[in-house]
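Structure first, commentary second.
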Amino acid sequence: MPVWLITLNRHFPIRYSALLACALLMLLAGFAWVAFGQGGWLALLGAAGLGLGLRDLRQRRHAVLRNYPVIGHLRFLLEFIRPEMRQYFIESDNEAAPFSRQQRSLVYQRAKGQPDKRPFGTQLDVHATGYEWLNHSLQPTELDSHDFRITIGAGRAQPYSASVFNISAMSFGALSANAILALNGGAQRGGFMHDTGEGSISQHHRTHGGDLVWEIGSGYFGCRNDDGRFSEEKFVSNACDPQVKLIELKLSQGAKPGHGGVLPGPKVTVEIAAARGVPVGVDCVSPAAHSAFSTPLEMLAFIERLRVLSGGKPVGIKLCIGHPWEWFALAKAMLETDTVPDFIVIDGAEGGTGAAPLEFTDHVGAPMQEGLLLVHNTLVGLGLRERIKLGAAGRLISAFDIARAMALGADWCNSARGFMFALGCIQAQSCHTGHCPTGVATQDPMRQRALVVGDKTERVLHFHQNTLHALKELVQAAGLQHPNQISAKHIVRRTDGSQVRLLANHLQFLAPGALLAAIRGEAPWPHAVYETYWPMASAASFQPETA
């Protein structure tokens, strides 16, 4: 810095230059206004800037503004537009934050029915640690349809034939009415499932008649008494609706496992209150834990109760894996009672449609891979896997994402943010503010008008269909008939610069009955997690037993 500038700064801090400029502008423009009748608006602008600067000097909330009056506001402006500046001008196509430009573009193109091919080869570093690929066959198959389906609840009174790719849980209230209408319209036309989320079934879920997975959380929305406890009568009213195909008991979610939630009273509108069965304008609380049961045995009895009350519809659970002994306690209860859920959805900690404290977003809950492997291996080792279907959710966008999840043990996959992108979401990450720029995650009537239901219904349908078409091409390339035939032997992972391994060798998979043999003492424990935590688990409690 020049010496003269340093000297000037000692006598008059340069950081006040903007404030001084505003004062001079007001004086000079004011003189011109009085003398010549010109420059009145400049005088007012200068006066406004001077008033703002004086306010900045006196306020006590922002130290930056006290030291840098007027010009300090530029810092807050740049901070406000930083995400958009980074997204459009700085980040590369493959930087994930949490979804890369390439991932988002893939969804946009498939949703719009535009070509999704990539010229000139991959942009990925195929020699980077963690790079994965699907081994192909020299004798590819030819399949007639990409409408891959599985049966959930086989042997029940009302089994359901489900698509292998479906809409994950997102509540009305978190999403706008128009978003729910478009999602369910796409689900109805494409013949796939739409999970209601914990916020229950709204009038917007019913308009198009798309197949619903009714998610029931700890708030028992849609089936609660005035005191917030479970109501059989209200449950039966919703559960027996032909549109409801599955009933999902939510134990935790990947975005914020172990954390309850509160929808502030001012946000509880007439429509939200009607869907959830709560008073209008009163805080809507989702407790962290359920009140209908407190032990694994009680939970399985509750699941059986829901199954009977619903007329034999498949009933399952959704959870993000936390303490291993709690999952093992539930598995022990299944063995003891011979009662099992019809399906289990494993929600990875990388899930993110629910806004959560940063610590929960970044550091609580098992990622999808580890959670899915633990559940799949446990059920295989106990001889229960054939009776329970597994769903997986957690940052699944492409056909390869689906194939990889199936290789780890999933029977089907759910996507939330993928379908949000299909609706037009631009990853502004303002979902929790009510100011969503595309009308997807807001209750502002004016903002959600931007989301045209008819157009977005088509996009939801196209994203689903085109993703399954891409999955079909992968299945054919591998020489298979159905994506459920994809195993860990089909996926290869680079473990370092010169070493590659099949996922079947890189990750541990249990043999059928292996855990039962270890429990009987006929074989060693197949993994340290079972040796350590299985003895701690009890079917009678979620608390660990101490030696």
If I fit a long axis through the Cα atoms of helix 73-85 and take the longest principal axis of the Cα atoms of the chain, what angle between them do I get, 0 to 90°, rounded to 10? 40 degrees
Of R224, R104, R60, R449, which has the most accessible area with a 1.4 Å probe, and how do the rest follow in descending order? R60, R449, R224, R104
Karplus-derived 3J(HN,Hα) from phi for the stretch 112-125 (6.51 cos²θ - 1.76 cosθ + 1.60, θ = phi - 60°), whole Hz, x at Gly and Pro, runs 8, x, 8, x, 10, 7, 10, x, 6, x, 5, 8, 7, 7
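Could you give the dipole magnitude of the chain about its Cα centre, charging the beta-carbon of Lys and Arg +1 and that of Asp and Glu -1, in debye to the nearest 20?
I would put it at about 1600 debye.
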Quick check: residue separation of W525 and T151 times 0.36 nm, minus the Cα distance between them. What number comes out in nm? 131.4 nm
With θ set to phi - 60°, apply the Karplus curve 6.51 cos²θ - 1.76 cosθ + 1.60 along the stretch 181-193 and write out the HN-Hα couplings as whole Hz, x wherever there is a Gly or Pro. 4, 5, 4, 6, x, x, 5, 5, 6, x, x, 10, 7
Set Lys and Arg Cβ to +1 and Asp and Glu Cβ to -1, take the dipole of the stretch 456-547 about its Cα centre, and tell me which of V529, V475, I486 lies farthest positive. V475
Can you list the trypsin sites (Lys or Arg not before Pro) in the stretch 108-168 that are in a DSSP coil and have 16 or fewer other beta carbons within 10 angstrom? K117
Which three semi-axes in whole Å describe the equivalent ellipsoid of the chain, each the square root of 5 times a Cα gyration tensor eigenvalue, listed largest first? 50, 29, 25
What list of ³J(HN,Hα) values in whole Hz, one per residue of the stretch 300-311 in order, does the Karplus curve 6.51 cos²θ - 1.76 cosθ + 1.60 (θ = phi - 60°) give from phi, with Gly and Pro shown as x? 5, 5, 5, 4, 5, 4, 5, 4, 5, 5, 7, x
What accessible surface, in Å², does a 1.4 Å probe find on S237, ignoring ligands, DNA and RNA and rounding to the nearest 10? 90 Å²
Among the lysines, which have Cα under 17 Å from the Cα of K472 when same-chain residues fewer than 8 positions away are ignored? K117
Would you work out what percent of the accessible area of the stretch 177-227, with all protein chains in place, is carbon or sulfur (probe 1.4 Å)? 35 percent
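Ranked highest first by average number of other Cβ atoms within 10 Å, how do 121-127, 205-211, 402-408 line up? Don't skip to the answer; put the middle values down first.
On the way: 121-127: 10.1, 205-211: 19.4, 402-408: 24.7.
Put in order of decreasing packing, that is 402-408, 205-211, 121-127.
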Any lysines with Cα under 25 Å of the K332 Cα? List them, leaving off those in the same chain fewer than 8 positions away. K250, K313, K318, K389
Carbon + sulfur, % of accessible area of the stretch 427-493 - ligands and nucleic acids excluded, 1.4 Å: 53 percent
Farthest toward positive dipole pole in the chain [+1 Lys/Arg, -1 Asp/Glu at C-beta], among P83, G371, I167: P83
In terms of the Cα gyration tensor, with a ≥ b ≥ c the square roots of its eigenvalues, is the stretch 258-413 rounded because a/c is under 1.5, prolate because a/b exceeds b/c, or oblate? oblate
If we restrict to alpha carbons, what Rg and Dmax does the stretch 158-261 come to, in Å? 13.3, 39
Calculated from DSSP helices alone, with each H run of at least 4 adding -39500 (n - 2.57) and the total divided by the residues of the chain, [θ]222 nm to the nearest 500 comes to -12000 deg cm²/dmol
Could you tell me which of rounded, prolate or oblate describes the stretch 425-468, using a ≥ b ≥ c as the square roots of the eigenvalues of the alpha-carbon gyration tensor, with rounded for a/c under 1.5 and, failing that, prolate when a/b is larger than b/c and oblate otherwise? oblate
Determine the shape class of the stretch 314-356: with a ≥ b ≥ c the square roots of the Cα gyration tensor eigenvalues, call it rounded for a/c under 1.5, and otherwise prolate if a/b is greater than b/c, oblate otherwise. oblate
Here, chymotrypsin sites (Phe, Trp or Tyr not before Pro) of the stretch 156-218 satisfying both criteria (DSSP loop; at most 11 other Cβ within 10 Å) are none
Which lysines, if any, have their Cα less than 17 Å from the Cα of K112, not counting same-chain residues under 8 positions apart? K456
For the stretch 220-291, diffusion coefficient by Stokes-Einstein and Kirkwood Rh (Cα), 20 °C, 1.002 mPa s, µm²/s: 162 µm²/s
For M446 the rounded accessible area (nearest 10 Å², probe 1.4 Å, non-protein molecules ignored) is 130 Å²
Exposure rank, largest accessible area first [E233, E132; 1.4 Å]: E233, E132
Heavy-atom accessible surface of the stretch 85-170: percent carbon and sulfur, 1.4 Å: 52 percent
The chain - accessible surface per residue (Å², probe 1.4 Å): 47 Å²
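The values are calculated or read from the model by the stated rules, or taken from the named source; none is laboratory data. Bear in mind the structure is a predicted one, so any value in this text is a computation, not a measurement. Please note: Cβ atoms are built from the backbone with ideal geometry, for glycine as well, and neighbour counts cover all protein chains shown. These area figures cover heavy atoms from the full protein model, side chains too; ligands, DNA and RNA do not enter into them. Shrake-Rupley method; radii C 1.70, N 1.55, O 1.52, S 1.80 Å.
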